[in-house]
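Take this structure first; my questions come after.
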Amino acid sequence: MVEFDIKPIRVTNEELIENRFSNILKGNHACAGCGGTLAMRIISKAFGRNVIYVIPASCSSVRQGFIPKSAMACPVFNTAFASAAAVASGIAAALKYQGRDDVVPVVRAGDGGTVDIGLATLSGAAERQTNMIYVCYDNEEYGNTGYQRSGATPPGARTTTTPIKGKREFKKPVPVLMADHGVPYVATASIGYVPDMYKKAYRARRQIKNGFRYIHVHFTCPPGRGTDPRDCVGLAKLAVDTGLRPLYEVINGKRYLNGISKKQYLEPDKYMKPVEEYLKYQRRYRGYTEEDVELLNRYRDRYRDLIKRHVKYTNPELEEI
Ligand SMILES: Cc1ncc(C[n+]2csc(CCOP(=O)(O)OP(=O)(O)O)c2C)c(N)n1
Ligand code: SF4
Ligand SMILES: [Mg+2]
């Protein structure tokens, strides 16, 4: 296991705005209000310049664009879905051979590419403790091909492949699975809590420095949700505030809930909003039934149970993060 010093990270909105460097240039091919572009911009600010991105087919490859209209200001390796983590492992080996410990490969994959199609190579790279960062951009659907159901789609959501009753299965708990690989860093993040997301990316890149690091970012996709582009941040925040997308970190095997998610864990009656608050704004839940609400509540409870088993530590120092 990799040893490192964890220090609290403080960041203000002003710093985020003033830190002008981002590997994503202005103007890209994403839809208006795409939460994924916001996530990529903020995360790449925290990662800094010396990264090599590995991007499998996804909306990330749309945001990236292609030469001569590429929106990327750093090297990018486009790859087939299933092989992203394996390709990044190869780049990590080449960098090690060259003695380049200042550069890190970063996978930027969608949820379909992560929790479904790329899971085998992701698990292999984590088990080998490969020196890389893997970021899953979770819009809870196969967005690029028209909003089909993925293993990360939440229960009750109507997608183009679950159009009538909505998905009946739970969301695959991949961050928990990654933590069980014993890697030095796993975090969940959300565009609803931007400074928290920045700090997690910063920690993964600058405090931990090597080993396998996994960040699972939840964001909203206006056409997939059937929402107004300007609501993407508020809607993502509601997903956290209703307890459906808890924010936590697993650092060297120790597990911490962050911010509002920690308060919900300690005092659910006070801090957990009802799931309907989140559903009512989205077309993918249009006409939701009591059965859907009950399914989502069961899903939330099950995920909370999983986290209760996983989150064992609190550290007042880290409460600021
Ligand atoms: C092996 C393979 N199967 C299917 C496709 C078609 N395809 C391209 S992008 C995409 C959706 C990817 O979904 P996700 O990984 O969640 O990323 P998102 O588009 O939502 O960002 C699919 C199915 C492909 N490119 N390669
Ligand atoms: S389909 Fe959704 S995730 Fe993809 S670029 Fe458009 S808003 Fe972003
Ligand atoms: Mg997706």
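Residues being surrounded by fewer than 20 Cβ atoms within 10 Å (Cβ to Cβ) and either farther than 16 Å from LEU247 by Cβ or modelled with pLDDT of 95 or more (or both): count how many of those fall in segment 174-204.
4
Residues of segment 124-141 being under 20 Å from ARG205 (Cα atoms) and either out of contact with any strand residue (DSSP E or B) (no Cβ under 7 Å at 6 or more places or on another chain) or more than 16 Å from ligand 1 (Cβ to nearest atom) (or both), which ones?
If the condition is that a residue be under 20 Å from ARG205 (Cα atoms) and either out of contact with any strand residue (DSSP E or B) (no Cβ under 7 Å at 6 or more places or on another chain) or more than 16 Å from ligand 1 (Cβ to nearest atom) (or both), then ALA125, ALA126, GLU127, ARG128, GLN129, THR130, ASN131, MET132, ILE133 are the ones that fit.
Scan segment 125-173 for residues that are assigned to a loop (DSSP other than H, G, I, E, B), under 25 Å from SER89 (Cα atoms) and aromatic (Phe, Trp, Tyr) and report the count.
0
Taking segment 88-120, which residues are in a helix (DSSP H, G or I), away from ligand 2 (no atom under 16 Å from the Cβ) and buried (at least 24 other Cβ atoms within 10 Å of the Cβ)?
Correct list: ALA88 only.
Here is a follow-up. Please go through segment 207-240 and give me each residue that is within 16 Å of ligand 1 (Cβ to nearest atom), aromatic (Phe, Trp, Tyr) and either assigned to a strand (DSSP E or B) or surrounded by fewer than 21 Cβ atoms within 10 Å (Cβ to Cβ) (or both), ordered by number.
Residue satisfying the conditions is TYR214 alone.
Name the residues in segment 19-42 that are in a loop (DSSP other than H, G, I, E, B) and within 10 Å of ligand 2 (Cβ to nearest atom), would you? Explain how you work it out, then say what you get.
Start the filter on segment 19-42 by keeping residues that are in a loop (DSSP other than H, G, I, E, B), which leaves 19-23, 25-34.
Within segment 19-42, ASN28, HIS29, ALA30, CYS31, ALA32, GLY33, CYS34 meet the criteria.
Still on this model: Based on this model, can you work out whether ARG284 counts as charged (D, E, K, R) and part of a helix (DSSP H, G or I)? Lay out the reasoning, then the answer.
Numbers: charged (D, E, K, R): yes; part of a helix (DSSP H, G or I): yes.
For ARG284, the condition - charged (D, E, K, R) and part of a helix (DSSP H, G or I) - is met.
Within segment 45-80, can you find the residues that are assigned to a helix (DSSP H, G or I), under 17 Å from the mean Cα position of the chain (by Cα) and within 16 Å of ligand 2 (Cβ to nearest atom)? Even if it seems obvious, please write down each step before you answer.
Quick first cut of segment 45-80, residues assigned to a helix (DSSP H, G or I) only: 45-47, 59-64.
The next check asks that each one be under 17 Å from the mean Cα position of the chain (by Cα); those that pass are 45-47, 59-61, 63.
Those that are assigned to a helix (DSSP H, G or I), under 17 Å from the mean Cα position of the chain (by Cα) and within 16 Å of ligand 2 (Cβ to nearest atom): CYS59, SER60, SER61, ARG63.
Here is a yes/no grid of residues against (1) under 28 Å from MET72 (Cα atoms); (2) within 16 Å of ligand 3 (Cβ to nearest atom):
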{"residue": "PRO105", "(1), (2)": "yes, no"}
{"residue": "LEU122", "(1), (2)": "yes, yes"}
{"residue": "THR130", "(1), (2)": "yes, no"}
{"residue": "ASP138", "(1), (2)": "yes, yes"}
{"residue": "ASN144", "(1), (2)": "yes, yes"}
{"residue": "GLY151", "(1), (2)": "no, yes"}
{"residue": "PRO154", "(1), (2)": "no, yes"}
{"residue": "ILE164", "(1), (2)": "no, no"}
{"residue": "TYR185", "(1), (2)": "yes, no"}
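The values are calculated or read from the model by the stated rules, or taken from the named source; none is laboratory data. Quantities reported herein were computed from a predicted structural model and do not represent experimental measurements. Glycine also receives a Cβ, built like all others from the backbone with ideal geometry; neighbour counts cover every protein chain displayed.
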